[in-house]
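First the structure, in the form of structure tokens, and then the observations on it.
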Amino acid sequence: MLTRKRIYEIIEKAQDGDKSSKIFDYFILVLILLNLIAVIAGSNTDIANKYSFILEKFEIFSVTIFTIEFLLRLWTAKFTFPDKKHPYFKYMFSFIAIVDLLAILPFYFSFLINIDLRYLRILRLFRILRVLKIHRYNNSLGLIAKVLKNEKDKLIMTVFITFIMLIFASSTVYIVEHAAQPDAFQDIISTLWWAVATLTTIGYGDVYPITPLGKMLGGLIGIFSVGLIAIPSAILSSGFITEVNKNNTLSKKCPHCGKEI
């Protein structure tokens, strides 16, 4: 009979030599990818009508598996958070537990809540969030999450600077261009669309300055936007290099004494 500890080892990411855990990992990964395909295929009316029976049965099967997985992870939470006084609550409010809940709740909501079918279809699209569960079984995605966590303060500051530049750009261009183009630059809120398109270097061209001063401001904002986009890229690149070097250093150390090999 499987013990709680053994169940925890199986449902967590597989260690070398643990075939049962590897089989479980591959099964969940394949199920997640098949769910993604089912959501995309189900958005087509013809496919949804023709294969509705198969899609519905597959959805029931998937939700059953994901629900059992969630309950098992909750049951073995004391091994996930051994140092916590209340490991079950800690797990319930963890990021990955929220992802697990988002993967199954839309299915149960359709039975518990009487809502319009149009909103129900939108709610069911949230099943696509099941792809986030891959994070648990993929080292690369785990590395991305770690880098984002380590660099969050710098990234938040970048977002704040971007927000300030958006307000500055939309305000100044509105002041300069409103008289010449009252329809295109009606107010600062509508001008904000132009600022977003320019600062993100999208530049659709549907709205643009026509006055000499407006063109000069637009050019300067466009130049600054290139540097602004480069800042988070540099932060993330630096974070990735740091984490990769850290992992390489740890892999070269003896697991018993901690000395470099």
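Pairs from the list Lys84/Lys246; Lys19/Lys84; Lys149/Lys246; Lys13/Lys57; Lys146/Lys246 with a Cα-Cα gap above 19 Å: Lys84/Lys246; Lys19/Lys84; Lys13/Lys57. Exposure proxy ranking for Glu12, Glu177, Glu56, based on other Cβ atoms within 10 angstrom of each Cβ and starting from the fewest, stands as Glu56, Glu12, Glu177.
Packing-based ranking of 97-106, 143-152 yields 97-106, 143-152, ordered from highest to lowest mean Cβ neighbour count within 10 Å.
Computed from the Cβ-Cβ distance with R0 of 25 Å, the FRET efficiency linking Lys149 to Val196 stands at 0.40.
The stretch between Ile188 and Ser20, if pulled fully straight at 0.36 nm per residue, gains 54.5 nm over its current Cα-Cα span. Answer rounded, prolate or oblate for the stretch 152-251, using the Cα gyration tensor with square roots of eigenvalues a ≥ b ≥ c: rounded when a/c is under 1.5, else prolate when a/b is larger than b/c, else oblate. Prolate, because a/c is 1.5 or more and a/b exceeds b/c.
At q = 0.15, 0.16 Å⁻¹ the log10 of I(q)/I(0) for the stretch 148-195 amounts to -0.46, -0.49, computed by Debye summation with a single uniform scatterer per C-alpha, solvent ignored. Couplings 3J(HN,Hα) of the stretch 3-20, computed from phi: 8, 4, 4, 5, 4, 4, 5, 6, 7, 7, 4, 5, 8, 4, x, 8, 5, 4 Hz, in residue order, whole Hz [Karplus 6.51 cos²θ - 1.76 cosθ + 1.60, θ = phi - 60°; x for Gly and Pro].
In this simple spin-label approximation, Tyr88 and Met216 carry label points 7 Å from Cα along the Cα→Cβ vector, and these lie 6.9 nm apart.
Laboratory data are not the source of any read-out in this text; all were calculated from the coordinates shown. Everything quoted here is computed from the prediction, not taken from an experiment. Reconstructed Cβ throughout: ideal geometry from the backbone, glycine too, with neighbour counts over all protein chains shown.
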